[in-house]
Amino acid sequence: MYAVRVGTPWDLAAVGYLEEWVPRFVPYHADLIRELAIAEGASVLVTSAGPGSEVIAAARTVGPNGRVRATDASPEMIRICKEDVDRAALLTPVTCAVADASDTTGAPWDEIICAFGLWQLEDRAQVLSAWASALSPNGKVGILTWGPPDNEDPSQVLAECLQELEPSVPFRQHRINAERDRMAQMWKAAGLSMVRHTIVRHTLNFERAELFVRAMSHAGTWRKVFEDIGQVRMDRVAARFYERMGGPEEALSFQPAATISIAALPGAEVVLHHRPSTSVPVA
């Protein structure tokens, strides 16, 4: 066993996240990389990289003439990311560093990527502005975020059960306002123009509802909640969840919505998967 240096709540969840969630989320990451239409030889910054699913995909896309930098605030996530990058024996120069999402060292970047990390940023406006300043003239920022919300999504149901039974426990939804107009306003405030907004869904399966609860509480965004309330109180929340889902042995199959949003500097000429050449509106 190795010792985990606890720097963020994600450090304790990192290994479990790699096992439980990364295989289920790979199709979403692949959608983002495809939509961005990253060119061979491009420079790519991957922020909130986690264990690095999109890091390796981006590196294989840009090839030996490109470069990739992966950053995450969690030392444990970056440790796993670097191990996976080394194991992949890529020809592309890839660096992995513990850093804040606003760290754009190595700019200018042709592509800046953030998959499922935007909701965690307290200073989102400042980070987005930093990304805008770090883009090459025809560069793009691509994000992937959960939403729009679905009240039947097991993650949403579990959150409602927590709020019913533990109203005093601090809890942040892992979604942001992902509607087209709200995203366009968000980009505009950072000095960027949105050029793509689309919703993607993929099927997630769990053999039993209790396996879903364990994956959430031990290997993902709920790890901090679990540490705060302990096993006994978490079991109460889980019991309420099972009541709503049909029992702990009930199989779960659902398609959570995720939004891909891409933006660029006004006046830029960018390439997207669905449009080979796009002029970014100036206003």
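Please treat every number below as a calculation from the coordinates, not as lab data. This is a predicted model, so every value here is computed, not measured. Positions of Cβ are generated from backbone atoms using ideal geometry, with glycine treated the same way; all protein chains shown enter the neighbour counts.
For region 211-267, what class follows from the C-alpha gyration tensor (a ≥ b ≥ c being the square roots of its eigenvalues): rounded when a/c is under 1.5, otherwise prolate if a/b is larger than b/c, else oblate?
oblate
For region 7-101, which GluC sites (Glu not before Pro) are both in a DSSP coil and crowded by at most 10 other Cβ atoms within 10 Å?
Of the GluC sites (Glu not before Pro), the ones in loops of region 7-101 whose Cβ has at most 10 other Cβ atoms within 10 Å are Glu40.
Along region 74-87, what does the Karplus equation 6.51 cos²θ - 1.76 cosθ + 1.60 (θ = phi - 60°) give for ³J(HN,Hα), rounded to whole Hz, x for Gly and Pro?
In residue order, the calculated couplings are 8, x, 5, 4, 5, 4, 5, 4, 5, 4, 5, 4, 4, 5 Hz.
Hey, what angle do you get for helix 9-20 against the long axis of the chain, alpha-carbon based, 0 to 90 degrees rounded to 10?
90 degrees
Decide, for region 133-209, between rounded, prolate and oblate: order the square roots of the alpha carbon gyration tensor eigenvalues as a ≥ b ≥ c, take rounded if a/c falls under 1.5, and otherwise choose prolate if a/b is larger than b/c, else oblate. Don't skip to the end; give the middle numbers.
Details: a/c = 2.92, a/b = 1.92, b/c = 1.52.
Prolate.
What size of dipole, in debye to the nearest 20, comes out for region 159-278 about its Cα centre when the only charges are +1 on Lys and Arg C-beta atoms and -1 on Asp and Glu C-beta atoms?
Dipole of region 159-278, to the nearest 20 debye: 460 debye.
Give me the orientation-averaged projected area of the Cα convex hull of region 1-160, in nm², one decimal. Mind showing how you got there, number by number?
Working: hull surface 40.2 nm².
Computed as one quarter of the Cα hull surface, the answer is 10.1 nm².
What do you get for the angle between helix 180-189 and the principal long axis of the chain? Use alpha-carbon atoms, 0 to 90 degrees, nearest ten.
60 degrees
What are the ³J(HN,Hα) values, in whole Hz, obtained from phi via the Karplus relation 6.51 cos²θ - 1.76 cosθ + 1.60 with θ = phi - 60°, for each residue of region 216-233 in sequence order, with x given for Gly and Pro?
5, 7, 10, 10, x, 5, 8, 4, 5, 4, 4, 4, 6, 9, x, 5, 4, 6
Projecting each Cα onto the charge dipole of region 17-103 (Lys/Arg +1, Asp/Glu -1 at the beta carbon, about the Cα centre), which of Ala88, Gly63, Ile38 comes out farthest on the positive side?
Farthest along the dipole direction, towards plus: Gly63.
So which lysines can Lys188 reach, going by Cα to Cα under 23 Å and dropping same-chain residues fewer than 8 places off?
The reachable lysines, counting only those whose Cα sits under 23 Å from Lys188, are Lys140.
Given (i) 126; (ii) 179; (iii) 136, which label gives volume of the Cα convex hull per residue in Å³ as computed from the coordinates?
(i)
Give me the Kirkwood hydrodynamic radius of region 43-109, using the inverse of the mean 1/r over all pairs of distinct Cα atoms, in Å to one decimal.
11.4 Å
How large is the charge dipole for the chain, taken about the Cα centre, if only the Cβ atoms of Lys, Arg (+1) and Asp, Glu (-1) carry charge, to the nearest 20 debye?
The dipole magnitude comes to about 560 debye.
Just to confirm the filter: which trypsin sites (Lys or Arg not before Pro) across region 104-178 are DSSP coil and have at most 14 other Cβ within 10 angstrom of their Cβ?
Arg172
Does anyone have the angle between helix 22-36 and the longest principal axis of the chain? Alpha-carbon axes, 0 to 90°, nearest 10?
Computed tilt is about 20 degrees.
Can you give the calculated 222 nm mean residue ellipticity of the chain, where each DSSP H run of n ≥ 4 adds -39,500 (n - 2.57) and the sum is split over every residue, rounded to the nearest 500 deg cm²/dmol?
Counting only the DSSP helices, I get -13000 deg cm²/dmol.
Taking the Cα centre as origin and putting +1 on Lys and Arg beta-carbons and -1 on Asp and Glu beta-carbons, what dipole magnitude results for region 6-115, to the nearest 20 debye?
Here the size comes out at about 240 debye.
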